[in-house]
1. Using the per-residue mean of other Cβ atoms lying within 10 Å as a proxy for protection, in what order, highest first, do the peptides 1071-1078, 404-411 fall?
2. Given points 7 Å out from each Cα along the Cα-Cβ axis, report the Asp129 to Glu1152 separation in nanometres with one decimal.
3. What is the sum of charges around Lys354, taking Lys and Arg as +1, Asp and Glu as -1, for the other residues whose C-beta is under 14 Å from the C-beta of Lys354?
4. What whole number of Å gives the distance from the Cα centroid of the range 219-236 to the Cα centroid of the range 97-162?
5. Counting Lys +1, Arg +1, Asp -1, Glu -1, what net charge surrounds Ser882 among other residues with beta carbon under 9 Å of its beta carbon?
6. Label 7 Å along Cα→Cβ of Ile1121; the range 47-71 residues with amide nitrogen under 20 Å?
7. How high is the FRET efficiency between Phe163 and Val270 when r is their beta carbon distance and R₀ equals 25 Å, given to the nearest 0.05?
8. Given a cut-off of 19 Å, name the pairs among Lys666/Lys1123; Lys468/Lys911; Lys1094/Lys1119; Lys850/Lys1021; Lys724/Lys804; Lys393/Lys413 whose C-alpha atoms lie farther apart than that in the structure shown.
Amino acid sequence: MKINKYFLIAPGLLILLGVFLLFNFTFSSDEGIVFSEICPRNCATKERQWIEIFNNSADTIDITGWNLFIEGESLHRINLTSTTNSFLIDPNEFAVIVFDENNFLLDYPDYSGKIFDSTWTYTLSGTEDKKIGLKNKSGDFVGLGMPFAFSAVSSSSLERIDFNLLENEPLAWIENISSPTPGQSNFCLLNNCLPNELPEAKIIINKDSFVIPTQEMIYFDGSGSTDSDGEIISYSWTVNGTLVSTSSSFYYTFISVNSFLIELTVVDNVGGVGKTNITIVTTGNNQEEEIKDLLINEFLIDPLEGSEWVEIYNNSSSSIDLSNWSLFDGVSKIGFSTSTIEAGSYFIWEFNNKLNNTGGDIVILKNNENIVDSVCYGNYTENCLSSFEGIPKKGNSLARDKNIFYETTTLTKGDVNIITSPNTSSSGGGGSGEVISTKVFMIGEIVINELVSDPGDDGVEFVELYNKSNEIINLNGAWIEEGSEAKTFLIGNISPQGFVIVEKPKGNLNNTGDIVILYNSKGEEIDRVTYGTYDDGNLNDNAPVAKDPFSLARRVDGQDSDYDYYDWVLTSVITPGAQNKIVSLNEEGKFLEQVVGDSKIIINEIFPNPVGSDEENEFIELKNIGDIEVDLTGWFLSDATNKKYKITQGKVSPQGLIIFKRKMTKISLNNSGEEEVKLYSPNGTLVDSVKYSGSVKENFSYAKKEGVFFWTSEPTPEKENIIKGEALAPLISIEVKTLVTVNESILFDASDTVDPDNEKLNFEWDFGDGNKKTGIVVEHKFSQVGVYNVVLTVTDESGNKSIKKVVITVKNLIFVADDFSRDLFQVILSEVVPNPVGSDEAEFVELYNKGLEPVDLSGLKLDDEEGGSKPYTIPEGTIINSGEYLVFPRTVTKLAFNNITDKVRLLDSNKNVLWEVLYDDAVEGGSFIQDENENWQWSGTITPGKENIFSPINSPKTSRTVKRTSSNKVVIETTLGQIRNEDLGDLVKVSGIVAVMPGVLGTQFFYIVDDNRGVQIYMNKKDFPDFIVGDMLEVTGELGEIYGETRIKVKNKDDIQKKGFEKIPVARVIEIVEVGEANEGSLVEVSGEVTEIKGSYLYLDDGTEEVQIYFKTGAKIDKNIFKVGDLVSIKGLVHQTKSGYQILPRFQMDLEKVGVAEDFLEREEFINSSGSVAEKYLTATAGGLTSILFGLFLKNKKTHILTGLKKLSGFGLTLIRRKTK
């Protein structure tokens, strides 16, 4: 075969290129020398001033013949000194240019670096007329940012904090808040020198007004408070100056009528304080409304004709002389009279252009100062005893029903109010003026039915509601809420099987993803839909995004399985106020039925875990099961992360197959956990999807056979699927209604269950109520309310058995939603025993009802730390009476509490945390209770089902996992290298250098290290003494463990003694396979390729192993500078979690990008010859690439040369294998 001569020349050229780059990288320009620290005027007098320079390159640089430039002065030659005999500055080396060497050494006697001498005529000021710079021996300025002026300092040095910015950029510099650091890494690079931004305190309450009835529980939420440059570590709430809570949020009940100042104080991690307050005005409670003499009863602000008017009503039992009463609009008096109003009678004030049509208030004052009644409307919220959200339409009045005002089309001036709601919808939404119902609608009666989040040019955003019931339902007081928690309140009625349209909901619906929630007037959640990228904890459940010209609609009006992914589909026919019509529009403008699974293009096989390279061999296979050829151009493939690949070309013939490899799609399929592959048509319609979970065996594909997916050991890319492997167990599918009523006949259907080996199956059902049945489809009735675990066991002829469980909730025939919700917070944790003497089966949790009424606990969940034991669901009908202690033993809950540290949590039915209590170091035989001051303590007296008794524990502490001695422990002096040889519970003393400050990786801990090892230092109180990174500390504390990671637990700041500044710790270079117990707590540096980026972490692979790099919020790291395929070097602390080890970077400069892997992998366009020629060619290519990579490693990481060579050998072989397959 003839070989193109250029083809043979190419490898040699590539090798020469590598050698050139290697030479070029080793001997580069002078621009690596930069200014890094300046001690100018106010830092020192002229004779003691100095300038620090730094070699920021990978090359040694010779500064012979260089000059210091100061504008307005002659050039100042840089000279050698008595301590320095060379002008060479090595990579990452510091040096100083001083005015006087002797003075400098007197000021900094520990300085050991290079010192160059120069002089300057005037003091270093940095002003515009005294710019400074460096000139090389050719007379050229070094670097693009020279010369430059710099900011004045008040007392210390000016430090460079960003070497990516030029010298002349102000943000590159900041004044040091500590002592100058010549010859060392700048203090402000390792410690935050920016002035602290004070935190901003914010208060949100669960009410729409600050006027609150007494005896009503109010939720105060301060979690929206923010700190722009740190984190909030404490919250303090006071009511009229009395401390009531130190949590971010709490519940409070006012029992008297008064005015209350609620103040929230927040403190950030460096002591910054932020405050805010609100005033709550309490009135008589909802059960016993305060009796008022005069009431505002009805008013008209925008008449069709005639005057505005306000109607008041005499609510007393005697006549009232109005001469002492006045009507105000919140600004001025608008009405007064000398008339008398009889008991039970009305009085009308009429005006012209007094009442504001866009929002305001109306107030009755007695003696011109005492507020007797007030009502606000529109967006006015100040001092409102009653309020109406919104503005009535022209000609409609606002009328009172008890303490609530409604818009009405029937005006009853001077007579009893008749409230007739205005039409809310043009299509079935309320008819023509039905009298409102007082019924509060419940779950299942009204649903969100359609929405438009991305309207066309002439459209608006809207949310459509649908009434599934057979009754007219009043919406007054209900609201919808989107992801930003903006509320849109509803008014009017909705007819049976009717619709209501809410146009332009407040807050706006996000085009890429959002959540919409419907609440009734009691604040109970009725329905929700989550779509697109909005993360409510389960992205897999989200409905698709409806971009213009589509709406998002329920597949069937009112159908709600609580699984948005299947309930909601896209439609190009938008039907506000009418039945949904589910259609999509193709490119020719023809309407096609949109049915997921009805497409002739299906996902046929996926291959997540091939032998060898995942990049080369992973694939997704599609099949055309139709009778005509299909062009896939414009279709999309996606995975569980919603990363989409647009197919740019590819036609598939009838019954034909086509594969898409990972290197083309960039879709990386998970080998463990959960994954989903989705196929979309060009208009965004989801046409097929497949999910899998668990650990994927190597070289197994997930293939479709007769409509069902199986794992097979014989992948068949672009061939008919073959199902092979071990004898496979049946795959169970159960179809059943999961929320039912007592004695309802329920059909359990397992007819979609299949056996991969096509063997005969046997079905056995256990209903959890003592009844069992056999058969593929069975019926059953539950006779009692409860939650039942129904278990189906399916066995094939080979004896392979599969088991599947489905949870059935049985309610009474008429189910009224829980009315105890506002009392749940009267139920508290009273006692927990996590480490009993003897068997752990004696563990228990005890709840106590401190309220005055019984509370229904049905459906609530008890749980330990997130990710620990499975939550225990409290059975239906469980009531805890006032003053009762209710015990939940481990033998019932199956909750296994950790003896080292754990939480006790009470969750609602949706797993939202109602409260949680954290404990550390469980005392054997002790109970965890609150003492009389509400402080949590360990007590030696266990009192299940009874009032707690606090008795201090003085006896020796022992347990199965933690060593305990008497309180007079001997302090063991040890080292970081030996500390893990001591027993848990020992009192130890160890020294180490601060590697990271508290508040960066966590508010309660930091790390100390030496040259080889490290350990976490933990303090529950977070009351740490002052120290900085680089300080040597001596720490005394108890040796403990958290999720397997060793830590030292200290009690107070006196347990941490600062010995002075030692040095900035240097990360130790290791391979990723070494990330584990041997390096736990150590400051390490690893390098490799970024293989995956998600949320708060990325994965790094160096060829020896893969590790998770986790970015803590306090580290303020921007991971978006990286992408999959980047070669990076990362420093951080080795940290252990429940799921394994990870590395925690401390700040942005712990991350460094050194290259891009993809640049060297995609060369297939050059391969057109036979395998043998290609192998020779690629062997040469690999050699050239090795030269390039070797040069890159020399430039970026000299310390990685040996590790890099070892990895390059494997990289080259892998490259050759990829190219010759």
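Quick note: the coordinates plus some simple rules give every number you see, no bench work behind them. If you're wondering where the values come from, they're calculated on a predicted model, not measured in any experiment. A quick note on method: Cβ atoms are made from the backbone with ideal geometry, for glycine too, and the neighbour counts reach across all protein chains shown.
1. Details: 1071-1078: 16.8, 404-411: 19.6.
Highest mean packing first, the order is 404-411, 1071-1078.
2. 4.2
3. On the way: positive: Lys333; negative: Asp302, Glu308, Asp329, Glu350, Asp361.
So the environment of Lys354 carries a net charge of -4.
4. 43
5. Details: positive: Lys850; negative: Glu853, Glu884.
Once all neighbours under 9 Å are counted, the net charge is -1.
6. From the range 47-71, the list is 54-59.
7. Numbers: r = 25 Å, r/R0 = 1.00.
Using R0 = 25 Å, I get an efficiency of 0.50.
8. Working: Lys666/Lys1123 11 Å; Lys468/Lys911 27 Å; Lys1094/Lys1119 10 Å; Lys850/Lys1021 28 Å; Lys724/Lys804 24 Å; Lys393/Lys413 17 Å.
Those over the limit are Lys468/Lys911; Lys850/Lys1021; Lys724/Lys804.
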